[in-house]
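**Student:** Below are the structure tokens for one structure; questions will follow.
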Amino acid sequence: MKFKDMPYERVDFEQVAAKLKELIAQSKAAKSGEEQFAVHEKFYELDGQVSTLYTIANIRFDIDTTDSFYEKEVEYYDEQIPGYQNMVLEYKNTLFESPYRAYLEEKIGKVAFKNMEIARKAMDEKLIPLMQEENNLVTEYNKLIATAKIPFGGEELNLSLLRPYLVNSDRSVRKDAWAASTAFFVANMEKLDEIYDKLVKNRTAQAKAMGYENYVELGYYRMGRNCYGKDEVENFRKQVKEYLVPFATALHERRRQRLGLEDLMYYDSSVYFNQGNPAPFGTPQEILEAGRKMYSELSPETKEFYDFMLENELFDVLGRKTKRAGGYMTYMPVYNSPFVFANFNGTSGDVDVITHECGHAFQGYISGKDPIKEHAEIGMETAEVHSMSMEFFAEKWIPLFFGDRAKDYIDMHLEDAVTFIPYGCMVDEFQHIVYENPDFTPAERRAAWAKLEKEYRPHMDYTGNDYLSQGGFWQRQGHIYASPFYYIDYCLAQTCALQYKAKMDQDYKTAWESYLKLCVLSASDFYTNMLKEVGLNSPFEAGCLKNIVDSLG
């Protein structure tokens, strides 16, 4: 079904609560594992309906953040979803505590039960008011960013539409664009500080209510980390500082020389070539059609997936002034339909949507066919492997998008993939510092970020920009506000994607078969086990990053 034709009605959570209570009673009364699983299949159907309607409302609001109808719907779900999550936890407790657990574990997997155990540590009915407030604050941040009105070049642009000027081949243009962007954040700095301060204190209060010292432990549970923890992540970051930061610094120096610049400034941070970064040619529709050719040739599975996406109009990629910034893939279970949301702006990022977000969507389409719905509940560290690796698998078809600048794009993409990891780790360490020191003032948070910049991105030169030099850059990173502790997942996944890059350079077919196997496995096993099963090294293993640097160097 086309997205525009998908019917929407507000979820009646009173009715949903009544149905869940009935399912809870039926689950407790089951006389066998088979009977209890039959009840669980009814839960799949109910939860899929709730998730689908909730997702439709959010997408339609993101498409136009001035739509008053869907704005009210999102506000409604911000209030109701925490209570629903608590009801779902109550239902899943009947499985977790079931006398037929051995049968159920065999049926839906041990990972599912580990995730239930984590969910019990991450949610309690007493948190509902705080979670409602948290949702409202995140929505407030998203709307503030989405509705930015930035005067530039005689136009009024939002942050997404300003993006092409930030990477313009003319250095003076991008310097002015960065100044315009910075002016927006300076003007809204106190409001952004206020929202974040409330979020930090809110999340800390949730953690305290659950008996935790601070939000870090609760945040890890919320992210569903079921086979690694804070110590493993910290060790990974140490490897990044030891091996990847020096390598990334050398890549930045090589870029400075390529650009012929005496100094690499902050407004040069995303520019790779004097003639400008390679940009895709063609209209947005032509880019989508080039994607069709690519996925048709890549594999039968990707052809089926991409044809489904186009035929059902499951892309909204045109940048508009009232559209939410950024991009994502989401999923509507009732229709087994992924949805890709983005803001095309004429930069190479438009093609990244066709590769990265479609990597997510492809995996979602594959796992959606699995009758065991828990197998689709992948952790973000796994989900991002699918997206970031697809970026590399697409290299064969990059000439479709960039013509004679295809090699420039491929080189730029590899450099960007490597140099991203230190930045992503910086975001993660910053959040650990913030939530371990919830009473930090805004100035202390900025000082912490500025210190981390010197450790992870020593090449960055913010001379002339007081806001950025004093540690304000983090306010641009939406994940810090909306999805605490998510960002490290990109780094872990990029480490795996770089391994796939090395594998496909040696044997593309074998590398693809490994990737497809990982997509099919979804969440049927633990992250570290699945990596081993498909022939990848865990990012947490000693020597993993050193080996990657050696292979790339």
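The values are calculated or read from the model by the stated rules, or taken from the named source; none is laboratory data. Note that this is a predicted model, so its numbers are computed, not measured. As a convention, Cβ positions derive from the backbone with ideal geometry for all residues, glycine included, and neighbour counts pool all protein chains shown. Protein only, heavy atoms only, side chains kept; ligands, DNA and RNA dropped before computing areas. Shrake-Rupley method; radii C 1.70, N 1.55, O 1.52, S 1.80 Å.
**Student:** Kindly establish whether residue 169 is surrounded by fewer than 20 Cβ atoms within 10 Å (Cβ to Cβ) and of a type in the set (Gly, Ala, Ser). If you could, list the steps in order and put the result at the bottom.
**Tutor:** Working: surrounded by fewer than 20 Cβ atoms within 10 Å (Cβ to Cβ): yes; of a type in the set (Gly, Ala, Ser): yes.
So residue 169 fits the description; yes.
**Student:** Among the residues of region 59-86, which ones are surrounded by fewer than 18 Cβ atoms within 10 Å (Cβ to Cβ) and assigned to a helix (DSSP H, G or I)?
**Tutor:** Once the filter is applied, which keeps residues that are surrounded by fewer than 18 Cβ atoms within 10 Å (Cβ to Cβ) and assigned to a helix (DSSP H, G or I), region 59-86 yields 63, 68, 69, 71, 72, 75, 76, 79, 83, 85, 86.
**Student:** Let me ask something else about it. What's the number of the only condition in (1) modelled with pLDDT under 95; (2) on the phi < 0 side of the Ramachandran plot; (3) polar (S, T, N, Q) that residue 522 fails to meet?
**Tutor:** All conditions are met except number (2).
**Student:** Taking region 369-379 as the region of interest, how many residues are closer than 19 Å to residue 110 by Cα, more than 12 Å from the chain's Cα centre (by Cα) and not in a helix (DSSP H, G or I)? Can you show your working first?
**Tutor:** Kept after step one, since they are closer than 19 Å to residue 110 by Cα, are these residues of region 369-379: 370-379.
From what's left, more than 12 Å from the chain's Cα centre (by Cα): 370-378.
Remaining after also requiring not in a helix (DSSP H, G or I): 370-372, 377-378.
Residues that pass the stated criteria total 5.
**Student:** Under 8 Å by Cβ, and 6 or more places apart or on different chains, what pairs join a residue from region 258-282 that is more than 20 Å from residue 179 (Cα to Cα) with one that is outside any loop (DSSP other than H, G, I, E, B) and among the small types (Gly, Ala, Ser)?
**Tutor:** Filtered contacts from region 258-282: 278/406; 281/403; 282/290.
**Student:** Hey, which of the helices (runs of 4 or more DSSP H) in region 459-553, taking only ones fully inside, have at least 3 residues that are in contact (Cβ under 8 Å) with a residue 60 or more places away in the chain? Lay out the reasoning, then the answer.
**Tutor:** Values: elements: 466-469, 478-482, 488-506, 508-521, 527-533, 544-552.
So the answer is 478-482, 488-506, 508-521, 527-533, 544-552.
**Student:** Among the residues in region 236-248, are any over 23 Å from residue 426 (Cβ atoms), open to solvent by 30 Å² or more (accessible area, probe 1.4 Å) and touching a residue at least 60 places away in the same chain (Cβ under 8 Å)? Spell out the reasoning first.
**Tutor:** Taking region 236-248 first, the residues over 23 Å from residue 426 (Cβ atoms) are none.
Taking every residue of region 236-248 in turn, none turns out to be over 23 Å from residue 426 (Cβ atoms), open to solvent by 30 Å² or more (accessible area, probe 1.4 Å) and touching a residue at least 60 places away in the same chain (Cβ under 8 Å).
**Student:** Shifting gears a bit: Of everything in region 29-41, what is out of contact with any Asp or Glu (no Cβ under 9 Å at 6 or more places or on another chain) and either open to solvent by less than 40 Å² (accessible area, probe 1.4 Å) or assigned to a helix (DSSP H, G or I) (or both)? Give them in sequence order.
**Tutor:** Initially, region 29-41 is screened for residues out of contact with any Asp or Glu (no Cβ under 9 Å at 6 or more places or on another chain), giving 30-32, 34-41.
If the condition is that a residue be out of contact with any Asp or Glu (no Cβ under 9 Å at 6 or more places or on another chain) and either open to solvent by less than 40 Å² (accessible area, probe 1.4 Å) or assigned to a helix (DSSP H, G or I) (or both), then 30, 32, 34, 35, 36, 37, 38, 39, 40, 41 are the ones that fit.
**Student:** Among 355, 382, which is open to solvent by less than 10 Å² (accessible area, probe 1.4 Å), under 17 Å from the mean Cα position of the chain (by Cα) and closer than 30 Å to residue 103 by Cβ? Even if it seems obvious, please write down each step before you answer.
**Tutor:** On the way: 355 fails: closer than 30 Å to residue 103 by Cβ.
Step by step, each of 355, 382 is checked, and only 382 is open to solvent by less than 10 Å² (accessible area, probe 1.4 Å), under 17 Å from the mean Cα position of the chain (by Cα) and closer than 30 Å to residue 103 by Cβ.
**Student:** Right, something else. How about region 1-36: which of its residues are among the hydroxyl-bearing types (Ser, Thr, Tyr) and closer than 30 Å to residue 72 by Cα? It would help to see each step written out before you state the result.
**Tutor:** Kept after step one, since they are among the hydroxyl-bearing types (Ser, Thr, Tyr), are these residues of region 1-36: 8, 27, 32.
If the condition is that a residue be among the hydroxyl-bearing types (Ser, Thr, Tyr) and closer than 30 Å to residue 72 by Cα, then 8 is the only one that fits.
**Student:** If you check 165, 141, which single one turns out to be assigned to a helix (DSSP H, G or I), touching a Lys or Arg at 6+ places or on another chain (Cβ under 8 Å) and more than 21 Å from residue 221 (Cβ to Cβ)?
**Tutor:** Values: 141 fails: touching a Lys or Arg at 6+ places or on another chain (Cβ under 8 Å).
Exactly one of 165, 141 is assigned to a helix (DSSP H, G or I), touching a Lys or Arg at 6+ places or on another chain (Cβ under 8 Å) and more than 21 Å from residue 221 (Cβ to Cβ), namely 165.
**Student:** Take residue 15 and tell me if it is open to solvent by 100 Å² or more (accessible area, probe 1.4 Å), of a type in the set (S, T, N, Q) and not in a loop (DSSP other than H, G, I, E, B). Lay out the reasoning, then the answer.
**Tutor:** Values: open to solvent by 100 Å² or more (accessible area, probe 1.4 Å): yes; of a type in the set (S, T, N, Q): yes; not in a loop (DSSP other than H, G, I, E, B): yes.
It is true that residue 15 is open to solvent by 100 Å² or more (accessible area, probe 1.4 Å), of a type in the set (S, T, N, Q) and not in a loop (DSSP other than H, G, I, E, B).
**Student:** Let me ask you something else. Can you pull out the residues in region 407-457 that are open to solvent by 10 Å² or more (accessible area, probe 1.4 Å), under 30 Å from residue 505 (Cα atoms) and of a type outside the set (Phe, Trp, Tyr)?
**Tutor:** Scanning region 407-457 gives 407, 408, 410, 411, 412, 413, 414, 415, 416, 419, 457.
**Student:** Might you check whether a residue that is open to solvent by 20 Å² or more (accessible area, probe 1.4 Å), of a type outside the set (S, T, N, Q) and in contact with a Pro (Cβ under 8 Å, 6 or more places away or on another chain) occurs anywhere in region 46-57? Step through it out loud before you land on a result.
**Tutor:** Taking region 46-57 as the starting set, the residues that turn out to be open to solvent by 20 Å² or more (accessible area, probe 1.4 Å) are 47, 49, 51, 53-54.
Next, only the ones that are of a type outside the set (S, T, N, Q) stay: 47, 53-54.
Retained after the next criterion (residues that are in contact with a Pro (Cβ under 8 Å, 6 or more places away or on another chain)): 47.
Checked region 46-57: at least one residue is open to solvent by 20 Å² or more (accessible area, probe 1.4 Å), of a type outside the set (S, T, N, Q) and in contact with a Pro (Cβ under 8 Å, 6 or more places away or on another chain).
**Student:** Test residue 151 against the stated conditions and say whether it is touching a residue at least 12 places away in the same chain (Cβ under 8 Å), assigned to a strand (DSSP E or B) and not β-branched (Val, Ile, Thr).
**Tutor:** Values: touching a residue at least 12 places away in the same chain (Cβ under 8 Å): yes; assigned to a strand (DSSP E or B): yes; not β-branched (Val, Ile, Thr): yes.
Taking the combined requirement at face value, the residue satisfies it.
**Student:** Looking only at region 87-105, count how many residues are of a type in the set (A, V, I, L, M, F, W, C), open to solvent by less than 50 Å² (accessible area, probe 1.4 Å) and more than 25 Å from the chain's Cα centre (by Cα).
**Tutor:** We begin by selecting, within region 87-105, every residue of a type in the set (A, V, I, L, M, F, W, C); these are 87-89, 95-96, 102, 104.
When the remaining residues are screened for being open to solvent by less than 50 Å² (accessible area, probe 1.4 Å), the result is 87-89, 95-96, 104.
Now restrict to residues that are more than 25 Å from the chain's Cα centre (by Cα): 87, 95-96, 104.
The total comes to 4.
**Student:** Could you tell me whether region 342-349 includes any residue that is in a loop (DSSP other than H, G, I, E, B), in contact (Cβ under 8 Å) with a residue 24 or more places away in the chain and open to solvent by 30 Å² or more (accessible area, probe 1.4 Å)?
**Tutor:** First pass over region 342-349, keeping only residues in a loop (DSSP other than H, G, I, E, B): 345-348.
With in contact (Cβ under 8 Å) with a residue 24 or more places away in the chain added as a condition, the list becomes 345-348.
Among the residues that remain, those that are also open to solvent by 30 Å² or more (accessible area, probe 1.4 Å) are: 345-346.
Yes.
**Student:** Then there's this: Looking at (1) open to solvent by less than 40 Å² (accessible area, probe 1.4 Å); (2) modelled with pLDDT of 95 or more, find the lone condition where residue 130 falls short.
**Tutor:** Looking at each condition in turn, residue 130 falls short on (1).
**Student:** Looking at (1) buried (at least 20 other Cβ atoms within 10 Å of the Cβ); (2) free of Cβ contacts under 8 Å to residues at least 24 places away in the same chain, which one does residue 212 not meet, given that it meets all the others?
**Tutor:** (1)
**Student:** Looking only at region 98-133, which residues are among the charged types (D, E, K, R) and in contact with a helix residue (DSSP H, G or I) (Cβ under 9 Å, 6 or more places away or on another chain)? Please lay out each step first, then the result.
**Tutor:** Keep residues of region 98-133 that are among the charged types (D, E, K, R), which gives 101, 105-107, 110, 114, 117, 120-121, 124-126, 133.
Answer for region 98-133, where residues must be among the charged types (D, E, K, R) and in contact with a helix residue (DSSP H, G or I) (Cβ under 9 Å, 6 or more places away or on another chain): 101, 105, 106, 107, 117, 120, 121, 124, 125, 126, 133.
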